[in-house]
1. Which residue out of E274, E300, E267 is acidic (D, E), at pLDDT 95 or above and at positive phi?
2. Residues in segment 217-262 that are at pLDDT below 95 and of a type in the set (S, T, N, Q): how many?
3. Grab the helices (runs of 4 or more DSSP H) fully contained in segment 294-401, keeping just those with 3 or more residues being β-branched (V, I, T) and either closer than 26 Å to T168 by Cα or assigned by TED's automatic domain parsing to the domain that holds Y281 (or both).
4. Say whether the condition of being under 30 Å from C275 (Cβ atoms) and in contact (Cβ under 8 Å) with a residue 12 or more places away in the chain is met by at least one residue in segment 385-392.
5. If I filter segment 108-116 for residues that are farther than 27 Å from E192 by Cβ and buried (at least 21 other Cβ atoms within 10 Å of the Cβ), do I get at least one hit?
6. Assess whether V428 counts as being touching a residue at least 24 places away in the same chain (Cβ under 8 Å) and within 30 Å of D251 (Cα to Cα).
7. So is S48 farther than 20 Å from R150 by Cα and under 17 Å from the mean Cα position of the chain (by Cα) or not?
8. What tally of residues in segment 160-197 results from selecting those that are of a type in the set (A, V, I, L, M), free of Cβ contacts under 8 Å to residues at least 60 places away in the same chain and not in a helix (DSSP H, G or I)?
Amino acid sequence: MIKVGLVSLGCAKNLIDSEIMIGHLHAAGMSMTADEREADVLIVNTCSFIDMAKRESIGTVQDAVEARGEDKKRKKQKIIVAGCLSQRFSKELPGLMPEVDAFIGLDQITQVAPIIERLMGRTRLEEEDPENLVTKQPRYIPDYDTPRFRLTPKHSAYVKIAEGCNHTCSFCIIPKIRGRHRSRSQESVVREVEQLVASGVREINLISQDLTYFGMDKWTEARPNPRSPVDSSRGESLATLLRALNEIPGDFWIRLLYTHPAHWSDELIQTIAECPKVARYVDIPLQHISDRMLSIMQRETTGDYIRALIGRMRAGIPGLAIRTTFIVGFPGETKEDFAELLQFIKETKFERAGVFRYSSEEGTKAYKLEGRVHHKTCESRWNQAMRELQVIAEAFNASQVERRLRVLVEKPGVGRTEMDAPEIDGTVMVDAALPVGEFAEVTIADWRGYDLVAAR
């Protein structure tokens, strides 16, 4: 029996790809091992979103190659590089990493078992099997019956409702890596969530590059104005999907991870407010507030639009926690642009937020922009913004003391509220006797940094 090891890097979307690969490997009769030394084949599922992720992916592959060369037990081990790094640099990597036995892209994750079977008898799969080269424009999307082995805790699962992205943000390489936006059918998503809830899952995390564009790629007419009051009049949308998911029997909540601000509508706001199973938590990366910067970033929004949208969201969804991210040090960002962003952060008081330093990515439109911000200036702006966000976070956590909150117990003594996404936000320290994977009502007695402490 072929033993396979897998290292999964990057975001939750990549994690699902890893789960799908493992599902297909199990279906083919292969076994998985957590011990890389025991693996006949080691798969590294890579990330290549920003430079830091790219370096981590390259370093992980290099470590695997070096370990194989130093360990006699791993001498015959095959190494496969999968994921975004392979997809992005499909032409360059075989020459740069000749020790790697195969590079597979995003469309090959369901073919990983036959690829391994053929690889075990060959040395350089790409040279002998050109049909297994990385496809230029990925088209694959999973379905409800796609073989999959979940790597998340039993009570929490990610559900990828779409793949790819149609946006042209000047800083982002994702559309070139993952291709055009392609939605699953609403029926497919509903059936998958039904299966997960029936298996005991209490948290459904909906993910894609842009949740709010769900279904819209299938509309026969042009996309409406983002502020259109009705999305579902033209077909399936995130609003119609949420209403369908809300009707599934069971005790669970639904979390929205990554929504683009340009596609929000009043109908979506109303839908969330009227669906009790949808968590009062929205991830909506805004990136900036300055009109100049939003235009250079090609974000399809303006500062006034964003301010009005946030106002409508807060008014329409009582108790909403908004998570967002911003980029500082983007080419052309002036001290006035940053001052406007800092003031916006102070005024809006996001419950959850983070700041990224601009990462110059080859292949993006921003890569060739002039007006680069000095790295020390970028670092200074990042520090200022993060300090302000920390003050806001501490004030918000202080306001939660004495409140009664519902938590999902993550592990003994640790829970998360609906305001806290897995692996991203804070936690709640709870009684260690509370059952893991179930909901509990707790009273907040204190807070520490980004975390809350429940009364025992």
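1. E300
2. 5
3. Where helices (runs of 4 or more DSSP H) fall fully within segment 294-401 and carry at least 3 residues being β-branched (V, I, T) and either closer than 26 Å to T168 by Cα or assigned by TED's automatic domain parsing to the domain that holds Y281 (or both), they are 375-399.
4. Checked segment 385-392: at least one residue is under 30 Å from C275 (Cβ atoms) and in contact (Cβ under 8 Å) with a residue 12 or more places away in the chain.
5. No; the residues of segment 108-116 include none that is farther than 27 Å from E192 by Cβ and buried (at least 21 other Cβ atoms within 10 Å of the Cβ).
6. Yes; evaluated as a whole, the condition is true for this residue.
7. For S48, the condition - farther than 20 Å from R150 by Cα and under 17 Å from the mean Cα position of the chain (by Cα) - is met.
8. Residues in segment 160-197 being of a type in the set (A, V, I, L, M), free of Cβ contacts under 8 Å to residues at least 60 places away in the same chain and not in a helix (DSSP H, G or I): 1 in total.
The values are calculated or read from the model by the stated rules, or taken from the named source; none is laboratory data. Computed from a prediction, not measured in an experiment: that's the story for all the values here. Virtual Cβ from ideal backbone geometry, glycine too; neighbours counted across all protein chains shown.
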